[in-house]
1. Provide a single number: the residues in segment 34-50 that are within 21 Å of Val24 (Cα to Cα) and open to solvent by 90 Å² or more (accessible area, probe 1.4 Å).
2. With respect to the numbered conditions (1) under 20 Å from Ile79 (Cβ atoms); (2) in a helix (DSSP H, G or I), which one is the sole condition not fulfilled by Gly42?
3. Going through Asp59, Asp47 one at a time, which residue ends up being modelled with pLDDT of 95 or more and in a helix (DSSP H, G or I)?
4. Given the criterion open to solvent by 80 Å² or more (accessible area, probe 1.4 Å) and among the aliphatic types (A, V, I, L, M), identify the matching residue among Ile53, Ile60.
Amino acid sequence: MRRLIIMLFGLMTLTGCDKVMEVVNKQQANGKAIGAACRHSGRALEDCYRRNIRIPKADIFAGWKEMNEYMQQKKIDVIAPPEDEPAPAEKKVEKTDASEEKPAEAEKTGH
């Protein structure tokens, strides 16, 4: 009975490792895809790091390097990336100066 419990516990532990490794491998694959896309679009490696701060730099570099080698081997040209969207303009709060209001009020009263 004791052996059965130990074996079941060991089996449950090993299946959990597969799930953890699946998540880690997915994150690595995403980093490589981002790096490859940056290289294909002609973006600098540093720019790619700056745009994707949550992704490990090693994964981005691996994807960038693989795509660079592939592009050189197949003689593929860089595709220009789309223009960056400008930062949203801040709303300007219109301040009304007290000196501007007084002449308008004075004109209404006839003074």
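The values are calculated or read from the model by the stated rules, or taken from the named source; none is laboratory data. Keep in mind that this is a model prediction, so the values were computed, not measured. Heads up, the Cβs are rebuilt from the backbone with ideal geometry, glycines too, and the neighbour counts pull from every protein chain shown. Please note that ligands, DNA and RNA were not included when accessible areas were found on the heavy atoms of the full protein model with its side chains. Shrake-Rupley method; radii C 1.70, N 1.55, O 1.52, S 1.80 Å.
1. So the count comes out to 0.
2. Only one criterion is unmet by Gly42, namely (2).
3. Numbers: Asp47 fails: modelled with pLDDT of 95 or more.
So the residue among Asp59, Asp47 that is modelled with pLDDT of 95 or more and in a helix (DSSP H, G or I) is Asp59.
4. Numbers: Ile60 fails: open to solvent by 80 Å² or more (accessible area, probe 1.4 Å).
The match here is Ile53.
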